[in-house]
1. Working only within segment 74-98, note down all residues that are outside any helix (DSSP H, G or I) and out of contact with any helix residue (DSSP H, G or I) (no Cβ under 9 Å at 6 or more places or on another chain).
2. Kindly list, by first and then second residue, each pair from a residue in segment 81-99 that is farther than 16 Å from residue 10 by Cβ and touching a residue at least 40 places away in the same chain (Cβ under 8 Å) to a residue that is within 11 Å of the ligand (Cβ to nearest atom) and basic (Lys, Arg), limited to pairs with Cβ atoms under 6 Å and residues at least 6 apart or on different chains.
3. Taking segment 34-64, which residues are touching a residue at least 40 places away in the same chain (Cβ under 8 Å) and surrounded by fewer than 22 Cβ atoms within 10 Å (Cβ to Cβ)?
4. Cβ-Cβ below 8 Å, separation at least six or inter-chain, first residue in segment 154-177 and in contact (Cβ under 8 Å) with a residue 12 or more places away in the chain and in a loop (DSSP other than H, G, I, E, B), second within 12 Å of the ligand (Cβ to nearest atom) and among the aliphatic types (A, V, I, L, M): which pairs?
5. Here are the criteria: (1) in contact (Cβ under 8 Å) with a residue 60 or more places away in the chain; (2) within 28 Å of residue 79 (Cα to Cα); (3) more than 16 Å from the ligand (Cβ to nearest atom). Tell me which single one residue 110 does not satisfy.
6. Report yes if some residue within segment 11-21 is within 16 Å of the ligand (Cβ to nearest atom) and in a strand (DSSP E or B); otherwise report no.
7. Inspect segment 49-57 for any residue being within 16 Å of the ligand (Cβ to nearest atom) and either under 13 Å from residue 98 (Cβ atoms) or within 19 Å of the chain's Cα centre (by Cα) (or both) and give the result as yes or no.
8. So in segment 211-239, with the set limited to residues that are under 22 Å from residue 115 (Cβ atoms) and not hydroxyl-bearing (Ser, Thr, Tyr), which one is surrounded by the fewest Cβ atoms within 10 Å (Cβ to Cβ)?
Amino acid sequence: MDEQQLRRDLAAVFRVCARRDWNENLGNHLSVSLPNEDGHFLVNPRGKHFRQVRASDLIVCDLDGNTVRGEGKIRPVAFHIHARIHKAHPNAAVLLHVHSPYATALSGIDMFRFGRVFNANLLLNDRIVYDDAKNGSVSGVEEGDRLASLLGNKSILFMASHGVLVAGGDIATAFYELCMFERLCMNTLQAMSTGAKLRDLPESLLIPSHVPIQKYVDPEMHMTAWHDMLSREEPDYCH
Ligand SMILES: [Zn+2]
C-alpha cells in the first residue's frame with residue numbers, strides 16, 4: 001500500500017474517532033509505519049484536533065521523534081508510546097491510541113477483567129493485555145519500552161486509569177478491532193450497571209488470538225463503508 005493510501009485510511013480513522021468522541025481534546029494519537037522507509041511512521045502533529053486532520057496534515061517522524069516530512073511536531077507522549085512500540089514491534093505497523101469513553105471508564109475499575117458475557121468477548125478476550133501499573137502519564141521512553149514489552153504479540157493494550165492502544169498489521173484491521181473493543185466496553189458497562197448477574201459463556205468458545213480476525217469479520221469492507229460515508233459528508237479528510 002502506498003503512502004497516499006495509508007494517509008487517506010489513517011485520516012478516515014481520525015475523523016471516525018472524532019465523530020465518536022474517542023479523542024481527548026487535542027490529545028491521543030494514531031500512527032502507521034511507512035513500508036518502504038525503515039523507522040519512519042505517519043502520525044498526527046501536535047495541536048491538530050482529530051476532527052481537523054486531513055491526509056496531508058499527517059507528519060512523517062523517525063524513531064528519535066524528529067519530523068522527517070511535513071509541518072509540525074510529534075507530541076512528546078506520542079513519541080514515548082508510538083516510537084518505542086514501532087521500534088520493538090515492526091509487525092505492529094499500526095498503533096491506535098485513544099481515551100475512548102467506555103474503555104477509559106472500565107480502565108478506572110481496579111483490576112478489571114473482561115468476562116465471557118458477549119459474543120465480542122469470545123473474539124477479543126485472548127487479544128487483550130492488561131496493564132495494571134499505576135505510573136501516571138507516559139513521560140519517558142522507559143515507559144514506552146515497558147508498554148511495548150507488555151504488549152508482546154497481542155493487539156489490545158488495556159491501560160489502567162488511562163485508555164486503550166490497539167496494534168495491528170494494517171489500518172483496516174486495527175480500526176475494526178478498536179471499534180469492536182469500544183463497543184464491547186460500552187455493552188459491558190451497561191450490563192454491569194444493571195447490577196444483574198452477567199452471563200458466563202463456555203470457555204471452549206473463546207477464539208485464540210493467533211486466529212486472524214478476518215476469519216470472522218471483514219475489516220476491509222468496514223473501512224470502505226467509512227470511506228464512502230466520509231467522502232460524502234466531510235470530503236476534505238482525504239485532501
Ligand atoms: Zn493516552
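1. Result: 75, 90, 91.
2. That search, which allows pairs on different chains as well, returns nothing.
3. 35, 39, 54, 55, 56, 57
4. none
5. Of (1) in contact (Cβ under 8 Å) with a residue 60 or more places away in the chain; (2) within 28 Å of residue 79 (Cα to Cα); (3) more than 16 Å from the ligand (Cβ to nearest atom), only one is false for residue 110: (1).
6. No, that holds for no residue.
7. Yes, segment 49-57 contains a residue that is within 16 Å of the ligand (Cβ to nearest atom) and either under 13 Å from residue 98 (Cβ atoms) or within 19 Å of the chain's Cα centre (by Cα) (or both).
8. Checked segment 211-239; the qualifying residue surrounded by the fewest Cβ atoms within 10 Å (Cβ to Cβ) is 211.
The values are calculated or read from the model by the stated rules, or taken from the named source; none is laboratory data. None of the values given here were measured: they were computed from a predicted structure. Cβ sites come from the backbone with ideal geometry, for glycine too, and all protein chains shown count toward neighbours.
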